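Notes follow once the structure below has been shown.
The values are calculated or read from the model by the stated rules, or taken from the named source; none is laboratory data. In this text the structure is predicted, and so the values were computed from the model without any measurement. All Cβ positions, glycine included, derive from the backbone under ideal geometry; neighbour counts span all protein chains shown.
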Amino acid sequence: MFLKLLMLVVFFAAMTGIGLYCRRHTADVSGFVLGGRSVGPWLTAFAYGTSYFSAVIFVGYAGQFGWKFGVASTWIGLGNALIGSLLAWVILGRRTRIMTQHLESATMPEFFGSRFDSKALKITASAIVFVFLIPYTASLYNGLSRLFGMAFHIDYTVCILVMAVLTGIYVVAGGYMATAINDFIQGIIMLFGIVIVIAAVLGSNGGFMEALNQLAQVEDTAVSAQPGVFASFFGPDPIGLLGVVLLTSLGTWGLPQMVQKFYAIKSERSIHKGTVISTVFALIVSGGCYFLGGFGRLYAGQIDIGAEGYDAVIPAMLSGLPEILIGLVVILVLSASMSTLSSLVMASSSTLTLDFLKETVMKKMDEKKQILMIRLLIVCFIAISAVLAIIQYKANITFIAQLMGISWGALAGSFLAPFLYGLYWKRISRVSVWFSFLYGSGLMIANMLFRNAFPAFLQSPINAGAFAMLTGLVLVPIISLFTKAPDREIVESAFSCYNKLTEVPQSVALAEEPESPAKK
């Protein structure tokens, strides 16, 4: 117990110290929110990855989908790496950095307001971010309760309060730069931690092949009559598996706390390095989490899924490990949760300040007042999420936890299509953006309130969110073609940033050779 507590104290002290050290980067709004757009590839890549994977993934999703799909759930991790990280960096990274700097936008709603010349779009987008990030933030604490109970035998409320206070200190003090540096340290813990935990769990089951052989013998006729289905390539429900892959992978393209990482990239070289680093990080962390969860049914004798839920799967797998490894797992999950929490509250507070309050009731805020307001809202958001998490824990309300899937689906369903097309296509219309906002958030709210009225496949918030994203990608360009074209002058001004000439070394791009007279 002393060793586990010592590990926590060192971890918390390092996080707080970094926050205080980074206060010098918070002199203006750009420095506080984006680190002055000068963040290097390692910090940006790790900030992206640690914001992506939280305790919800490690405990909740890995346990739930590992139980449902077996080792085929590893496909979710591979999708997160290839679609959610690699393709996201390749398709969005450079263009996001260039256009957001050109439009002087620090948040996703600010991008919509400038790109489509609409203050109403900006305010509406900020409202969607505010409404749907709060329950997402509250759900981050869910994966910690069982692990802390298992490791320390202390009230989960204490864990919530300590995590909230320490996250608040380093984010309020150091802004985005403190968040990025802490994300880097937390990411290293996650990388080594997941590898060690997988090795320990498989070792306790006789090694990989023996564990896979045992899993192949598990049968659940209520799920599938096929023998060995939980050790098969695509598992018992390939279509359901595809829906999870799409939402958790493609969905990141429309999440403001993820996309804003591209705003802060320092240079072209940083984009190339960041792409590789982020992809490898996702392969190890996300692939490892879902791979580990795939062996959850080997512990069916220790779990009552009906009474305890899927959150009990991963803790049951870890309960037999040595105490030092349990301490490592707790810090791993804390790292994942605190990094995502800091990213979410930064996105929420900066959006509400810059895109809502400054545009409505506090129009005369100078830079110092904006930074002060962002800091105050960070404290408010962390406090609200902590209170919601404690209420959920004390009253055993599962509704808040379920909102995480709805939140992700609503944000990605609303923002993905207009953001992606807004970076690449000049013809996208303002009406199509309004449609995407109302359709994405409206569909997920309807799914929450009238779930039984939906077709069976779309009753799951995961599948409904994936459906909202995919249909949005199809409908937004169609609506754009049949509605009023955007103002040509505004569009050309936005896209002019891509036409600026930049000198680069020949190692990046070959120079054009003059054509010889003979060929002429």
Filtering the range 326-344 down to residues that are more than 30 Å from Ser126 (Cα to Cα) and either of a type in the set (S, T, N, Q) or more than 17 Å from the chain's Cα centre (by Cα) (or both) yields Ile326, Gly327, Leu328, Val329, Val330, Ile331
- Determine whether Ala173 is assigned to a helix (DSSP H, G or I) and touching a strand residue (DSSP E or B) at 6+ places or on another chain (Cβ under 6 Å). no
The number of residues in the range 39-97 that are in contact with a Leu (Cβ under 6 Å, 6 or more places away or on another chain) and farther than 30 Å from Gly309 by Cβ is 1
Heads up, the helices (runs of 4 or more DSSP H) in the range 13-115 (entirely inside) with at least 3 residues that are closer than 19 Å to Ala412 by Cβ are 41-52, 74-81, 94-102, 108-115
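For (1) among the β-branched types (Val, Ile, Thr); (2) assigned to a loop (DSSP other than H, G, I, E, B); (3) buried (at least 24 other Cβ atoms within 10 Å of the Cβ), each residue gets a yes or a no:
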| residue | (1), (2), (3) |
| --- | --- |
| Phe262 | no, no, no |
| His272 | no, no, no |
| Val280 | yes, no, no |
| Ile284 | yes, no, no |
| Leu298 | no, no, no |
| Ala307 | no, no, no |
| Val330 | yes, no, no |
| Thr340 | yes, no, yes |
Condition set modelled with pLDDT under 90 and outside any loop (DSSP other than H, G, I, E, B), scope the range 495-504, selection farthest from Met99 (Cα to Cα): answer is Asn499
Does the range 26-46 contain at least one residue that is of a type in the set (Phe, Trp, Tyr) and closer than 23 Å to Ala164 by Cα?
yes
Qualifying residue in the range 354-362 (condition: aliphatic (A, V, I, L, M) and in a helix (DSSP H, G or I)):
yes
Picked from the range 87-125 (must be closer than 24 Å to Lys358 by Cβ, of a type in the set (Gly, Ala, Ser) and modelled with pLDDT under 90), the residue surrounded by the most Cβ atoms within 10 Å (Cβ to Cβ) is Ala106
Checked the range 456-484 for anything of a type outside the set (Ser, Thr, Tyr), over 21 Å from the mean Cα position of the chain (by Cα) and modelled with pLDDT of 90 or more; matches are Val474, Leu475, Val476, Pro477, Ile478, Ile479, Leu481, Phe482, Lys484
Of the conditions (1) part of a helix (DSSP H, G or I); (2) without any contact (Cβ under 8 Å) to a residue 60 or more places away in the chain, the single one that Ile160 does not satisfy is (2)
Over the range 199-249, the set of residues of a type in the set (A, V, I, L, M, F, W, C), in contact with a helix residue (DSSP H, G or I) (Cβ under 6 Å, 6 or more places away or on another chain), within 28 Å of Ile326 (Cα to Cα) and assigned to a helix (DSSP H, G or I) is Ala200, Val201, Leu202, Phe208, Ala211, Leu212, Leu215, Ala216, Phe230, Ala231
Of the residues in the range 433-459, those that are farther than 16 Å from Phe130 by Cβ, small (Gly, Ala, Ser) and crowded, with 24+ Cβ neighbours inside 10 Å come to Ser436
Pairing a residue in the range 480-491 that is hydroxyl-bearing (Ser, Thr, Tyr) with any residue that is surrounded by 12 or more Cβ atoms within 10 Å (Cβ to Cβ) and outside any loop (DSSP other than H, G, I, E, B), where Cβ atoms lie under 6 Å and the two sit 6 or more apart in sequence or on different chains, gives Ser480/Ser432; Thr483/Val431
### Task
Please work out if Asn182 is surrounded by 14 or more Cβ atoms within 10 Å (Cβ to Cβ) and more than 30 Å from Leu43 (Cα to Cα).
no
Worksheet item: Does Leu78 meet the test of being more than 19 Å from the chain's Cα centre (by Cα) and either of a type outside the set (A, V, I, L, M, F, W, C) or within 30 Å of Val329 (Cβ to Cβ) (or both)?
Response: no
